[in-house]
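A.B. asks: Got a structure here, written out as C-alpha cells. Questions coming.
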Amino acid sequence: MYRYDEFDHDFVRARVAEFSDQVERRLSGEITEDQFRPLRLMNGVYLQLHAYMLRIAVPYGTLNGKQLRMLGHIARKYDKGYGHFTTRQNIQFNWPALSDIPAILADLASVEMHAIQTSGNCIRNVTADHFAGAAADEVADPRPYAEILRQWSSVHPEFSFLPRKFKIAVTGAERDRAAIQTHDIGLHLKKNAAGELGFAVYVGGGQGRTPMVAKKIRDFLPEADLLSYCTAILRVYNLYGRRDNKYKARIKILVHETGVEEISRQVEAEWQELKDAELKLPEADIRAIDAYFAPPQLVDRPEGDAAVKLARLDSKSFSDWLDQNVVTHRHPDYAAVTISLKGIGEVPGDATDSQMEAVADIAEKYAFDELRVSHEQNLILPHVARADLKAVYDALVDIGLATANSNLISDIISCPGLDYCALATARSIPIAQEISLRFASLERQREIGELKLKISGCINACGHHHVGHIGILGVEKKGSELYQVTLGGSADENTSVGEIIGRGFSSEEITDAIEQIVDTYLGLRLSPSERFIDAYRRVGPAPFKEALYAGETKAA
Amino acid sequence: MKILTANRLTDGIAVWYADGGWAETVDHADLAHDKAAEDRLEAIGAKAYADNEVVDVNLIDAEVVNGVVEPVRLREKIRAAGPTIHPDLGKQASRQAERAA
C-alpha cells in the first residue's frame, strides 16, 4: 500500500500543528465560532446532536493493521469504545471532545492518517472497489489512480472552494463494486483494443434530494490524461456550477441543466488547453505509484482446497460463511473475505475498539497486513490463503464478526440518522436493526438471495436509499417519523434510481411492509436465481403496490 | 413553553440553561412561559455564545411531564436522552445508573 514520503509526513504534521493552534485559539476565545467553523470542517470536525464528530479519511478504503489498531486506540481513549465505518470508506467517531482532537490527529499522523478533506466543498476521499488488487475480474488495480487523484486534490488551491462537495470513485473491473455512476466523477479503468490502460469517464451522478445517474462523457481516456481531464471537468464545474442555491450546486444539476453534449463539449474544449501541458502524467510517475500497490508475494498454497473441504464437512456455519462472505481471488489458492459489520440486530458499520484491534491482529497474521473498508460499511481482508480461511473464521467468531450475510437483506447500509446526526429527520439505525432481526434466519436470507437494502434518515441520502434494491427514506411528518419506500434502485454497472412505491409507513409498520415486499418477490420470481432487482425490473412496481396498498384502495 | 439549549464548546456535549448555568440534563431547564421570558433566555444564549461557552444555541419547545421538563420534538428528545440505540450512552446512561442504585 501507499507509504508517506517525507513530503507527505511534513504536510500532515504541518496541518496537525496548524489545526492544533486553531483549536487552542478557539478554546481560549481568540477566534469566534463563525471563524472557526470552516476551519474545523476542513479538518473533519462536525457538531452533531450529542457531541462533536470526527471523520477520518481512509484513502480508497485501504488500511493496514497498525492503522486499524490506532483507530481502536482512539475509540477507547478519546471516544466511547466504538467507531462507525461510512459509505465513503471512512470512519467517524461520535463523541470526541474538541479539546482532545489535536491529540487524536497527532496519533493519526503517527500512522499516516488524517482527517483532511473529509468535509467541506472540496474533493472528498476518493473511493475504490474494495476488492481492488484481489478481484479475479479486475483489469488493473484502480488504487494507484485513486492515490494520484488524492495527491492532486489534496489542498488543491483551485478546487478547495467548489460550489459544493465533490466525490470521485474508481473501479478496475467490469462489475462495478464502487458505485461509480452515483459519483460526481466515476472512473472505470479498462484496456483498449491495443491493450493500453485508460478510463471510461462518467460525470454528474449523485444522490441527495435530486438523484441522478452519471452520464458517460468519454469511453476511453488514456491514463496519462487522468489529471488534465479531471481538471477540465472541475474547471467547467467551478466556473458554471450554481452557487446561488445549495440544493442545485452539485455537478449533477449542471450536467442535467446544461445537457450532456454541451458539457462534454465544454470539458473537451477546456481539456484541449490542458492536455499536453504539465498535468500529463509521465509513465515513470504512474509506475512509481503503481509500485506502492504491488500485490503481496502470494506463494502457492495448494493445500487450501483440501483444508476447506474438510472444514466444510466439520462445520455448517463455516460452510455458510464461506458461501456468503468469501469471494474468488485472482490467485486460485487465495480468497477475499468480507468481515460483516452487520451482525443481526447490530448497528450497521459499527465496530468496537477491541474488535478493531482483533481484526488488525487477524490481518497481520493471515492477510499480509492488508485491510479495506467497503462502501457497504464492512471490512475486507483482500488476500487470505484458502488454507487459512478456517483459522480466520474461528478468530472472527471469537469477536462476533462472523455473520454470513454479505449481500443479503441484513447487509444493510444505514446512515447514522436521528440517533446522532444534526441533519437527520428520522432514525435509520433502529429500522435497520428491526429489519435485520425480522430476517434473522440466515437460511431465510439465503433463500431470498442477493438483496441490497439501504436506509437514509433524511433526503441527503447518506444511506444510499435511492440505489437500494429496496430503499427506505425516513422523513418527519407531523412530528412523527415516516418511512418512504423506493424499489428498483441499483448501484452497480447497471445503476438505476429506485421509484417511490406509494405512501410512507410509520416506524411500527415499516418492517411489515418490507416483509410484504420480500414475500411478494418470492411469490413472483421465476426461479431462485432471479434476484430481487431482476424480478423488479421484469414486473415493475404493480405487484408490489398491489400487495402493499390494495386493501386501502378497496376500503376507500 | 420554551427552553434554551446549546452544545458546550470544549466537548460538544448537549446542555440546557437551568438555574443560572448550563446543566448537562434537561430535567430542570428554565422554562419561558411568555415572549418576555423567551427574549431573556435568548439574550442569555447570545451572551454565552459570544463568551465562547457554548455553540449551536437554540430556543426549543418544551413541556412539563411528571414534574420534569421534556422537549417536544423527537430530535430534541433524542438530544436530551442520548442515541435510542445505545441506552448505555448519553444522558440516559446516568439516569439508568441512578435508577439501578
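Since every read-out is calculated from the coordinates, none of them should be taken as a lab result. Just so it is clear, the model here is predicted, and its values are computed rather than measured. Neighbour counts are summed over all protein chains in view; Cβ atoms, including those assigned to glycine, are modelled from backbone coordinates with ideal geometry.
A.B. asks: Ranked by Cβ crowding within 10 angstrom, fewest neighbours first, how are A:S315, A:S264, A:S414, A:S28 ordered?
C.D. replies: Ordered from fewest to most neighbouring Cβ atoms within 10 Å, A:S315, A:S264, A:S414, A:S28 come out as A:S28, A:S315, A:S264, A:S414.
A.B. asks: Within the set of other residues whose C-beta is less than 12 Å from the C-beta of A:E493, count the net charge using Lys and Arg as +1 and Asp and Glu as -1. Present the calculation step by step, with values, prior to reporting the outcome.
C.D. replies: Values: positive: A:R175, A:R177, A:K190, A:K216; negative: A:D129, A:D137, A:E174, A:D176, A:D492.
Counting the neighbours of A:E493, the net charge comes to -1.
A.B. asks: Divide by every residue of the protein assembly as shown the summed helix terms, -39500 (n - 2.57) for each DSSP H run of at least 4, and state the resulting mean residue ellipticity at 222 nm, rounded to the nearest 500 deg cm²/dmol. Walk me through the numbers before you get to the answer.
C.D. replies: Working: 21 runs with 247 residues, N = 657.
So the calculated ellipticity at 222 nm is -11500 deg cm²/dmol.
A.B. asks: With label points built 7 Å along Cα→Cβ from the Cα atoms of A:K246 and A:Y549, find their separation and express it in nm.
C.D. replies: In this crude spin-label approximation the distance works out to 3.2 nm.
A.B. asks: If you don't mind, another one. Using alpha carbons only, how many angstrom separate the centre of segment A:219-238 from the centre of segment A:411-449?
C.D. replies: 38
A.B. asks: Next question, about the same structure. Could you give the size of the charge dipole of segment A:6-109 about its Cα centre, using +1 on the Cβ of each K and R and -1 on the Cβ of each D and E, expressed in debye and rounded to the nearest 20?
C.D. replies: On the way: 13 positive and 12 negative charges, 99 e Å.
So the magnitude is around 480 debye.
A.B. asks: Distance between the C-alpha centers of segment A:102-181 and segment A:15-34? Whole Å please.
C.D. replies: Cα centroid of segment A:102-181 versus Cα centroid of segment A:15-34: 27 Å apart.
A.B. asks: Another question about this same structure. Could you please state, rounded to a whole Å, how far the C-alpha centre of segment A:262-282 is from the C-alpha centre of segment B:1-41?
C.D. replies: For segment A:262-282 versus segment B:1-41, the Cα centre distance is 56 Å.
A.B. asks: Hey, what did chain A get for relative contact order, percent, Cα under 8 Å, at least 6 apart? The partial results should precede the final answer.
C.D. replies: Details: 1190 pairs, mean separation 70.7, N = 556.
For chain A, the relative contact order is 13 percent.
A.B. asks: Quick one: what are the phi-derived ³J(HN,Hα) couplings along segment A:196-205, Karplus 6.51/-1.76/1.60 with θ = phi - 60°, whole Hz, x for glycine and proline?
C.D. replies: Values per residue, Gly and Pro as x: 8, 7, x, 10, 7, 10, 10, 9, x, x Hz.
A.B. asks: Taking a spot 7 Å from the Cα of A:D305 along the direction of its beta carbon, which residues of segment A:366-409 have an amide N less than 16 Å from it?
C.D. replies: Once the point is set 7 Å along Cα→Cβ of A:D305, A:386-388 turn out to lie under 16 Å by backbone N, inside segment A:366-409.
A.B. asks: Please get the size of the charge dipole for chain A, origin at its Cα centre, with Cβ charges of +1 on Lys and Arg and -1 on Asp and Glu, quoted in debye to the nearest 20. Intermediate values should be presented prior to the final figure.
C.D. replies: On the way: 64 positive and 78 negative charges, 282 e Å.
The dipole of chain A has a size of about 1360 debye.
A.B. asks: Contact order normalised by length for segment B:2-100, with contacts defined as Cα pairs under 8 Å and 6 or more residues apart; what percent is it?
C.D. replies: 26
A.B. asks: Answer with one residue from B:L74, B:L59, B:A36: the one whose Cα lies farthest towards the positive end of the charge dipole of segment B:2-100, charges on Cβ with Lys, Arg +1 and Asp, Glu -1.
C.D. replies: B:L74
A.B. asks: I've got another one for you. Modelling each spin label as a point 7 Å along the Cα-to-Cβ direction, I'd like the B:N66/A:S28 distance in nm, to one decimal.
C.D. replies: 4.8
A.B. asks: If each of A:R175 and B:A37 carries a label point 7 Å out from its Cα toward its Cβ, how far apart are those two points in nm?
C.D. replies: Inter-label distance under the simple model: 6.4 nm.
A.B. asks: If you take the C-alpha gyration tensor of the protein assembly as shown, multiply each eigenvalue by 5 and take the square root, what semi-axes do you get, largest first, in whole Å?
C.D. replies: Details: eigenvalues 289, 197, 147 Å².
After scaling each eigenvalue by five and taking roots: 38, 31, 27 Å.
A.B. asks: Turning to a different aspect of this structure: Largest first and to the nearest Å, give the Cα extent of segment B:16-101 along each principal axis.
C.D. replies: The Cα atoms of segment B:16-101 stretch 39, 29, 23 Å along their principal axes.
A.B. asks: Further question on the same structure: Dipole of chain B, Cα-centred, from +1 at each Lys and Arg C-beta and -1 at each Asp and Glu C-beta, to the nearest 20 debye? Each step should come with its number before you reach the end.
C.D. replies: Numbers: 12 positive and 18 negative charges, 55 e Å.
Value, rounded to 20: 260 debye.
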